[in-house]
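Data first, discussion second: the structure below is written as structure tokens.
The values are calculated or read from the model by the stated rules, or taken from the named source; none is laboratory data. Since this is a predicted model, take the numbers as computed values, not measurements. Here the Cβ is made from the backbone with ideal geometry for all residues, glycine too, and neighbour counts use every protein chain on show.
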Amino acid sequence: MIEDMLRTPAAVQDSERHTAHNYHPLPVVITSAEGAWVTDVDGNRYLDCLAGYSALNFGHRHPTLIAAAHAQLDKLTLTSRAFIHDQFADFCRELAALCGKDLVLPMNTGAEAVETGIKVARKWGYQVKGVPAGQANIVVAEGNFHGRTTTIVSFSTDSDARADFGPYTPGFRIVPYGDLAALTEAIDEHTVAVLLEPIQGEQGVVVPPEGYLPGVRRLCTERDVLFIADEIQSGLGRTGATFACEQEGVVPDMYLLGKALGGGIVPVSAVAADADVLGVLKPGQHGSTFGGNPLACAVATEVVRLLATGEFQRRSAALGERLHAGLRGLLGKGLVAVRGRGLWAGLDIDPALMSGREACERLMERGVLAKDTHGSTIRLAPPLVITEEEIDHAVAQLTAVLAG
């Protein structure tokens, strides 16, 4: 039988044999990729509409980024921050300029960036705002996803991420996302920061109500509180602007960046803020052996330069309109809600029809890869290099899946 000749079933079993089961991936085993497409071990091609949760904003193996990585691999990959290397200054300077901030602190993962932001905000609160020692609090939103370290899950409202990982880190206050009145009530004289995703990704690409982010900005300014924007998924071109905050006319005190910053090649994250905020850190108070390493900086500098042209932001805005127009056409035809901005969409499938997992499995069978979340919701986040024809193809396959 043909099925007996396929490599995928055995490869799936083999991948599960010696790993902790902290993920439930779709049964596809990818071996190569180019642009917006991936190929599995059996030679099947799939349109990648997840893009590594925005880590692959520039597609798989973008030639400029691959060239930068190859060139750096032949010279220098790691020094630790005990020494300075020749790629560091360009990366920090150019990323700071892209963000409109004075300083950058490079790390590796998104969760590290969030942890760094929390530490900096607390230290700023004690040293600059004058909060009594050990009394700082940070206000966060329900439905947040900022990572999975023990501190971060302490203020998660997702039971899968949080349950059985206590005791939990204190110092956080959780309010409903989009509720400015609740946020106002939660802030007191010991509040040092408000930490928010401008658009909540894991929750299902939830866009806040109009006026919410500007209201948060005004409130933080009035109360002498840092506004920290977690743009790890929403930033770097995903929503049709460099940062999702831009589309609300908002400039936070601190950006948390990651995912796309590494170009889908190396893990790179960063915190960007002005000197009166990031300047509270002194040598020995925070760091990372691999943070800001030469290979990471070489790749990430080219990412920043790609974004500096504005091309990818414009593509995301224009192609996002096409994507969302196609998805809105499916409302009442299997979809009950469509949310998002730019090339980022959260789709709520009629739960009477199928689950989000089932929808993703059926899309996979039709050559499109997506990811489910929270039961009947699926997320689409294709690479910004996707074409109009490929967007239309993805929508056509989703239409066929919903039609049964």
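Is it fair to say Val29 is without any contact (Cβ under 8 Å) to a residue 24 or more places away in the chain, over 22 Å from Leu384 (Cβ atoms) and touching a Lys or Arg at 6+ places or on another chain (Cβ under 9 Å)? Taking the combined requirement at face value, the residue satisfies it. Would the range 230-246 turn up any residue that is more than 15 Å from Arg341 (Cα to Cα) and in a strand (DSSP E or B)? Yes, because at least one residue in the range 230-246 is more than 15 Å from Arg341 (Cα to Cα) and in a strand (DSSP E or B).
Residues checked against (1) part of a strand (DSSP E or B); (2) surrounded by fewer than 23 Cβ atoms within 10 Å (Cβ to Cβ); (3) outside the structural domain of Arg122 (by TED's automatic domain parsing); (4) of a type in the set (A, V, I, L, M, F, W, C):
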| position | (1), (2), (3), (4) |
| --- | --- |
| Val251 | no, yes, no, yes |
| Tyr255 | yes, no, no, no |
| Ile265 | no, no, no, yes |
| Val280 | no, yes, no, yes |
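Close contacts from the range 54-80, counting a first residue that is under 22 Å from Thr39 (Cβ atoms) and a second that is modelled with pLDDT of 95 or more and among the aromatic types (Phe, Trp, Tyr), with Cβ to Cβ under 8 Å and a gap of 6+ residues or different chains, come to Ser54/Trp344; Asn57/Phe312; Phe58/Phe312; His60/Trp37; Leu65/Phe58. The condition (being in the same structural domain as Glu389 (by TED's automatic domain parsing) and surrounded by fewer than 17 Cβ atoms within 10 Å (Cβ to Cβ)) is satisfied by just one residue among Asp42, Asp48: Asp42. Based on what the data block shows, is Val368 in contact with an Asp or Glu (Cβ under 9 Å, 6 or more places away or on another chain) and of a type outside the set (Asp, Glu)? For Val368, the condition - in contact with an Asp or Glu (Cβ under 9 Å, 6 or more places away or on another chain) and of a type outside the set (Asp, Glu) - is met. Quick check: is even one residue across the range 190-202 of a type in the set (Gly, Ala, Ser), farther than 19 Å from Gly171 by Cβ, outside the structural domain of Ser32 (by TED's automatic domain parsing) and assigned to a loop (DSSP other than H, G, I, E, B)? Within the range 190-202 (the criterion being of a type in the set (Gly, Ala, Ser), farther than 19 Å from Gly171 by Cβ, outside the structural domain of Ser32 (by TED's automatic domain parsing) and assigned to a loop (DSSP other than H, G, I, E, B)), the answer is yes, since at least one residue qualifies. Being within 23 Å of Glu231 (Cα to Cα), surrounded by fewer than 14 Cβ atoms within 10 Å (Cβ to Cβ) and among the small types (Gly, Ala, Ser), is that true of even one residue in the range 100-117? Within the range 100-117, one or more residues are within 23 Å of Glu231 (Cα to Cα), surrounded by fewer than 14 Cβ atoms within 10 Å (Cβ to Cβ) and among the small types (Gly, Ala, Ser).
Within the range 12-34, if we keep just the residues that are of a type outside the set (Ser, Thr, Tyr) and more than 25 Å from Thr373 (Cβ to Cβ), the residue that is surrounded by the most Cβ atoms within 10 Å (Cβ to Cβ) turns out to be Glu34.
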